[in-house]
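Here the structure is laid out as structure tokens; the discussion comes afterwards.
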Amino acid sequence: DPLPCHEELLKIGKLQQWRPGHTRKVVVVSHQWAGLTHPDPEFKQFSVLQHALMNLAGGKAQMQMDCISAINGFQLSMPSATDQLSCLEWDFWYDYFGCPQKCGTSPGKDTPDIQAVVNSIPAYCDIADFTLVLAPAIKHSDTHHTISQRTWSNRGWCRLERLATKLSGNDKSLVVVSAPTRLLVTAGPDWIKAWPDEGNFTLDADRDVVREVTGQLMDMKCQSLWEQGDKDKWRFYSALVPKARGFQGCQYGENLSEFLNRYQLDTPSCFCLGTALTPLILASIEGNLDVMTQLLEKQADVNQVITWNMPDAHIDGRHSALSMASMLSTPEAVTKLLNWGASMDLVKNMNNSSVLSIAGYFGNAPAMKVLLAHDARIDHCDDEGSNPLHVGAFSPNPWVTQILLDHGVNPDAFCYVGATALAMTSICNADPSHAERMLKAKADPNLAGSSEGCLHSMLSWGSKKKIAMGCASELEWNLAVANNGTPLHLAAINGSLEIAKLLLAYGANPDATWGDDQLTAKDLAQMRDHQDIVELFDKSPRKGSRCSMSLSSLDLDIGFMR
């Protein structure tokens, strides 16, 4: 067994205990177990980590920002180039090493030591310099399903580690390792889109445990912001507490004065300089219909717009109570605001997205249904030419895509960089159910992208030059291949194994070429070190012959909420 458990390592003195003043960088490794009784029985997952660290130390790989953070100009914390070269000197916390185990049995949460570890997850993530998500696409040794970054992000315990990282007292990012040369630094905005207690659990009883720890994390974050004197962010996180604790939208007959006192606010209208959350926005995020009604009856401006920027949550732009509720709250809250005259035309998030796109991006399918019932436009495009289907592909909830397709959105429309929504699912490494729904709606798996306008054509041309020079970033790879590349080409460069399987099942041509060198998807996968996709192409039928595979036969473990 190449990976001994905690008790064995403790017995032979191989573990180091962290103490205040620790001088080496500390990294928490978050991962999904690849076996029922062992985290990595075939050493497939851990070997990717070892090779990634050796490549990092040898200068053969560098950490890069994910595409969305890069294109929006977000500044993310990441280890310096010098720190990356010295990564073999870092200390790593890995659950099988760092947690008490019942060696040879499934990982339980019921012993006192293990329960103490569960309660300490926030402390581990707070102490660490960053959290490394180890998520290559491999087969689970017992279930034989593919596990990947997508399945990691659907696991409740993994979501808890992600949330603990984002709510840490120190500014830190997630580093996602999906291949030996692919280490992406991300803001991890899914912490606010997909809460831990909504994830998948082997034992459903763990859901309540995780919900309680989530609530504790939120309380700690609110306390920290209060002590820092950052009342605006304190109010925002306080408004999220009902969602975190599982009672968003519950009504307790709270009166307005109690609500205002709870948020340390003096006036119902809160007419401000446009940079502070109003009482109506806060009540809308909570889904507090009683207080919303009282505020509106006291003439609170339902269309007051503020500027609210939280890059780590991908909230950046002009927002009203309606846009915040469409992102983060209940359909009842959205309905109430619309019934009181809330406008869908005043708000703009990143790239001037519409309210419908905002709801889709945050996976709020129930809110989307309400907006569409009030005639929200499905053809509204943002500054990048993306319609709500493009934007919704970034959501952890595939029902967003289904709702839009049911309302007639065109799955083959291009955004300005040349990508269809189907291609976008690979760029953002989306849940493959997004792609499957588009393919069932007759999205063309062989439609080559076409960038629009001089600016985007120049960006694509410059990115191709960077690829030829061997120094292209993650964003530049995608900008280049989106222009004249097919969805399969984009799946190949992004390591989207499950989406590549679907595309082939629906007739994608593996022999289609991209670029002056006539590169196939397999060529691109080899260039990007995605050996799992190379192996897939080696096994696939040639010349785009249509397979009879279905989603169930592709060993995809799909889970989502309506």
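Residue by residue, here is whether (1) surrounded by fewer than 22 Cβ atoms within 10 Å (Cβ to Cβ); (2) aromatic (F, W, Y); (3) in contact (Cβ under 8 Å) with a residue 12 or more places away in the chain holds:
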| position | (1), (2), (3) |
| --- | --- |
| W191 | yes, yes, yes |
| A194 | no, no, yes |
| G215 | yes, no, yes |
| K221 | no, no, yes |
| G229 | yes, no, no |
| P242 | yes, no, yes |
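Counting only residues that are among the small types (G, A, S) and in a loop (DSSP other than H, G, I, E, B), how many does region 38-78 have? Can you show your working first?
Just the residues of region 38-78 that are among the small types (G, A, S), to begin with: 47, 52, 57-59, 61, 69-70, 73, 77.
From what's left, in a loop (DSSP other than H, G, I, E, B): 58-59, 61, 73, 77.
Of the residues in that region, 5 qualify.
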Quiz item: Mind checking which residues of region 16-37 are part of a loop (DSSP other than H, G, I, E, B) and touching a residue at least 40 places away in the same chain (Cβ under 8 Å)?
Solution: Q16, W18, H22, R24, K25, Q32, W33, A34, G35, L36, T37
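Give me a count of the residues in region 21-63 that are buried (at least 19 other Cβ atoms within 10 Å of the Cβ) and either among the acidic types (D, E) or touching an Asp or Glu at 6+ places or on another chain (Cβ under 6 Å) (or both).
Kept after step one, since they are buried (at least 19 other Cβ atoms within 10 Å of the Cβ), are these residues of region 21-63: 27-34, 38-40, 45-46, 48-49, 52-53, 55-56, 61, 63.
Cutting the leftovers down to either among the acidic types (D, E) or touching an Asp or Glu at 6+ places or on another chain (Cβ under 6 Å) (or both) gives us 30, 34, 40, 46.
Qualifying residue count for the region: 4.
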Quiz item: When both residues are 6+ apart or on different chains and their Cβ atoms are under 8 Å apart, which pairs have a first residue that lies in region 359-372 and is in the same structural domain as I192 (by TED's automatic domain parsing), and a second that is surrounded by fewer than 24 Cβ atoms within 10 Å (Cβ to Cβ) and not small (G, A, S)?
Solution: none
Practice problem: Could you list, in sequence order, all residues of region 325-352 that are on the phi < 0 side of the Ramachandran plot and touching a strand residue (DSSP E or B) at 6+ places or on another chain (Cβ under 8 Å)? | Solution: M327, L346, V347, K348, N349, M350
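Determine, yes or no, whether I281 is at pLDDT 95 or above, over 23 Å from the mean Cα position of the chain (by Cα), crowded, with 16+ Cβ neighbours inside 10 Å and in a helix (DSSP H, G or I). Spell out how you get there, then give the answer.
Working: at pLDDT 95 or above: yes; over 23 Å from the mean Cα position of the chain (by Cα): yes; crowded, with 16+ Cβ neighbours inside 10 Å: yes; in a helix (DSSP H, G or I): yes.
In short, yes.
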Quiz prompt | Members of region 360-386 that are closer than 16 Å to D316 by Cβ and within 19 Å of the chain's Cα centre (by Cα) | solution = Y361, F362, S386
Quiz prompt | Long-range neighbours under 6 Å by Cβ, at least six apart or interchain, first residue in the same structural domain as M344 (by TED's automatic domain parsing) and under 17 Å from K233 (Cα atoms) within region 296-311, second of a type outside the set (S, T, Y) and exposed (fewer than 13 other Cβ atoms within 10 Å of the Cβ) | solution = I306/G274; T307/G274
Quiz item: Got a number for residues in region 396-417 being more than 19 Å from A430 (Cα to Cα) and among the acidic types (D, E)?
Solution: 1
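The values are calculated or read from the model by the stated rules, or taken from the named source; none is laboratory data. Please read these numbers as outputs of a predicted model, since none were measured by experiment. Glycine gets a Cβ as well: all are built from the backbone with ideal geometry, and neighbour counts include every protein chain shown.
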